[in-house]
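Down below is the structure, laid out as structure tokens.
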Amino acid sequence: MRKTKKSLIAIGSLVLLLLGVTLPIIYFEFRKTKDPDRVVINSSTIQESDRQFLKSRGLADPANDIVRDLMKHPELIPCKGTLGGVPGFDYPDEINMKGRDRVTATFSDGHYDGTIDLSFKVSEGNIEWKAFKWDCQGYE
């Protein structure tokens, strides 16, 4: 009976330890893959006059439309990934509007982060991007 009780305690402890290690990993991986159509950033980061300008160019929800669109364009990142990682815009809360035609964003390949400044033009709801400054901190 004592061996059974000790075995059950050991198994229970092992299960709790595994859950304690794996649940945070699952949470952070899930956070990275959330639906980009549900991305919400602080709309106060864009001035009302810029928001109205972008709406007149065809964006229904300018700040969020800009973030969602940029997240679909990892090819804009000029840095090569390291250790098999592929750079992408994985942090929607780190895409910052800098007016009606500029954005600063953080990108990551899972190993290193970098920053990039981009300009954009909006016409009839379509967004055209151009990278003009970047920092590939630690990338090859």
What lysines does Lys80 reach when the alpha-carbon gap must be under 21 Å and sequence neighbours fewer than 8 apart in one chain are set aside? Lys32, Lys72, Lys130, Lys133
Hey, what do the phi angles of the range 94-109 turn into as Karplus ³J(HN,Hα) couplings, whole Hz, using 6.51/-1.76/1.60 and θ = phi - 60°, x for Gly and Pro? 10, 10, 10, 6, 10, x, 7, 8, 9, 9, 10, 9, 9, 10, 8, 10
Please compute the net charge surrounding Ala10, taking Lys and Arg as +1 and Asp and Glu as -1 over other residues with Cβ under 15 Å from its Cβ. +4
Would you tally the net charge around Asp117, using a Cβ to Cβ cut-off of less than 12 Å, leaving Asp117 out, and scoring K and R as +1, D and E as -1? +2
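Throughout, read-outs are computed from the coordinates displayed, never taken from laboratory work. It should be emphasised that the depicted structure is a prediction, and the values quoted were computed from it without experimental measurement. Every residue, glycine among them, receives a Cβ derived from its backbone with ideal geometry; neighbour counts consider all protein chains shown.
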